[in-house]
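Comments concern the structure below.
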Amino acid sequence: MYNKRKQKKYAETVIEDKPKTLLERQKKHQERHPNDKNIRKEDKGVTWSKETERDKRLKQFYKTHTSVWVSETARGWVALPSEEEE
């Protein structure tokens, strides 16, 4: 189902005929984005940080637990038996 707000928003938008030539398209783009210098930034993208305390706890959790079917329709995490319990 469509969101009624989006329907209203897009219904009010006037769709112009697409520019025919590349020069017309470039001019339209420059009008919409006047500060665009078309320079690729090398430092953009995903930056991976150091491993956090949460990551360490999660890694430990995965070592001590396993995902199993707890009923016919649901999965859950179950602790693995450790050497101390035996």
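The numbers here are math on the coordinates, done by the rules we state, and not lab data. Only a predicted model underlies this, so the values are computations on that prediction, with no experimental measurement involved. For neighbour counting, all protein chains shown are included, and Cβ atoms are generated from backbone atoms with ideal geometry for every residue, glycine included.
Annotations
- Here the Karplus curve 6.51 cos²θ - 1.76 cosθ + 1.60, taken at θ = phi - 60°, turns the phi angles of the range 43-52 into couplings of 8, 7, x, 7, 10, 9, 8, 5, 5, 8 Hz, with x standing for Gly and Pro.
- Loop-resident trypsin sites (Lys or Arg not before Pro) (DSSP state other than H, G, I, E or B) in the range 18-86 with no more than 13 further Cβ atoms inside 10 Å of their Cβ: Lys20, Lys37, Arg40, Lys41, Lys44, Lys50.
- Close amide H partners of His65, meaning residues 5 or more places away or on another chain with modelled amide H under 5 Å apart, are Leu80.
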